[in-house]
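Asks: This is the structure I have questions about; it appears just below.
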Amino acid sequence: MSRRLAVAVLASLALALTLTFSSAQAHRGYQHVVREGETLASIAERYYGDPRRENVLVAENGLTAQGGSPIEVGLRLQVPYVTYHRVQPGETWQELARRFYGDPRRAFVLIEANHGSSSEQPDEGAELLVPYPLRHVTAQGENVLRIAKNYYGPGREHSRRLRRFNGLRFNRLTRGQIVLVPLRDLVLSEEGRGIIQEETGSAPQAGEIRSLQARIEEELPGLQEHVRRGRYTEAVALGNRLLGAEVLTGNQVVTIQRHLGTAYVALGRMDLAVNAFRAALTRQPDLQLDTVRTSPRVMRAFEEAREAMREEPEEPAGDAGAEDAGEGDDAEEE
């Protein structure tokens, strides 16, 4: 069999294996047509900014048996990459793992990639990074340790991740055995995104919302500090600026509105304080304030908001608006 035919057969085999997994993971990346003078390393450099990622192209396109480097002009190569998902109300880690990976037991990969917790479900509105499940066909003599080192680098935690994701008890593998390798860092370069946008007319997601949510998270301690030190006007300005981003997670909205409620009470704006607490309670109906460390006036505004929610459970609560106000009475917050 000629090398070119062998490559085609292996690529067809990889496609067949992919189709068996398509119900769980529809995204397969972008199809690149090899041009004159291109190598796997140069293609990896263009799409990922790292020529060493040719190992991903080798595995994804069933080229392992050919040594990982020969390609022909005109060959169609799949270029895989991570995707992103905005959490909808009620979604769980297990549900998302079933959707993207075909098995709820693989949820731990999503949790790890997004700094989550198995004891808490993903935050509504959060943009999650979805690691790409690369399909690696085991070559003669390969085991889990070697595959993990090839894609992740040294470290036994990586081999444990592969065993857990694939339901393997041991490191031993047989030739031809498929191992799914979840890659969280398979991110497109700016050049790669540009190529795909030019060819398809649509730019792949780049995690912009996720990055913005992370920056907002970094500003929340500053908001809390403004309130704690009695800088209520500054707290109102910062809180409303953050709300204006309109890409907040549910927990971020609750945190900001809770701090705004306290600041508005201190500034003598009970109406805005009630609105802020209502907005927080809309997101988190079981929200509680520390009755020991929270001032009676703040608790009164909070209880008024809770009572209003009971009377009008269907009425959506909007974000509390910013209004000019001078420094007012002190208020304590948790």
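Just so you know, all these numbers are worked out from the coordinates, no wet-lab data involved. Note that the structure is a prediction, hence the values are computed from the model and not measured. Here the Cβ positions follow ideal geometry from the backbone for every residue, glycine too, while neighbour counts run over all protein chains shown.
Asks: Using a Förster radius of 22 Å, what is the FRET efficiency between GLU38 and ALA203 based on their Cβ-Cβ separation? Nearest 0.05, please.
Replies: The pair GLU38/ALA203 has a calculated efficiency of 0.45.
Asks: Would you work out the charge dipole size for the range 100-193 about its Cα centre, treating the Cβ of every Lys and Arg as +1 and the Cβ of every Asp and Glu as -1, and quote it to the nearest 20 debye? Display every interim value, and only then the final one.
Replies: Numbers: 15 positive and 11 negative charges, 184 e Å.
Dipole magnitude for the range 100-193 comes out near 880 debye.
Asks: Now for a separate question. Which Cα, out of GLY222, THR291, TYR264, lies furthest along the positive dipole direction of the range 195-302 (beta carbon charges, K/R +1, D/E -1)?
Replies: Comparing the listed Cα positions along the dipole, THR291 ranks first.
Asks: Quick check: pseudo-label points 7 Å beyond the Cα along Cα→Cβ at THR291 and ASN150, how many nm apart are they?
Replies: 6.2
Asks: Let's see if you can work this out: charge +1 on each Lys and Arg Cβ, -1 on each Asp and Glu Cβ, no other charges. What is the dipole magnitude of the range 209-311 about its Cα centre, in debye to the nearest 20?
Replies: On the way: 15 positive and 13 negative charges, 33 e Å.
In total the dipole reaches around 160 debye.
Asks: On each of the three principal axes of the Cα atoms of the range 143-202, give max minus min coordinate, whole Å, ordered largest first.
Replies: Principal-axis extents of the range 143-202 (Cα, largest first): 45, 24, 16 Å.
Asks: Hey, another quick one. Give me the one-decimal nm value for the distance between modelled label points at ARG231 and MET299, 7 Å along each residue's Cα-to-Cβ direction.
Replies: 2.9
Asks: Can I get the semi-axes of the range 135-258's equivalent ellipsoid? Compute them from the C-alpha gyration tensor as square roots of 5 times the eigenvalues, in angstrom, largest first. Before the final figure, lay out each step's value.
Replies: On the way: eigenvalues 392, 94, 23 Å².
After scaling each eigenvalue by five and taking roots: 44, 22, 11 Å.
Asks: Moving on to the next point. Where in the range 139-163 does the amide nitrogen come within less than 11 Å of the point 7 Å from the Cα of ARG52, taken along Cα to Cβ?
Replies: 150-154
Asks: Turning to a different aspect of this structure: When the Cα atoms of the range 209-311 are enclosed in a convex hull and the volume is divided per residue, what value in Å³ results?
Replies: On the way: hull volume 9.4 nm³, N = 103.
Residue-normalised Cα hull volume stands at 91 Å³.
Asks: Sticking with this one: Find how much the distance from MET309 to LEU212 grows on full extension, using 0.36 nm per residue of separation minus their present alpha carbon separation; answer in nm with one decimal. Provide the component values of the computation, followed by the final result.
Replies: Values: separation 97, 0.36 × 97 = 34.92 nm, distance 3.05 nm.
Result for the pair: 31.9 nm of gain on full extension.
Asks: Additional query: Just in the range 122-190: which chymotrypsin sites (Phe, Trp or Tyr not before Pro) are loop by DSSP and have at most 14 other Cβ atoms within 10 Å?
Replies: On the way: sites: TYR151, TYR152, PHE165, PHE170; in loops: PHE170.
Passing both the DSSP loop test and the Cβ count: PHE170.
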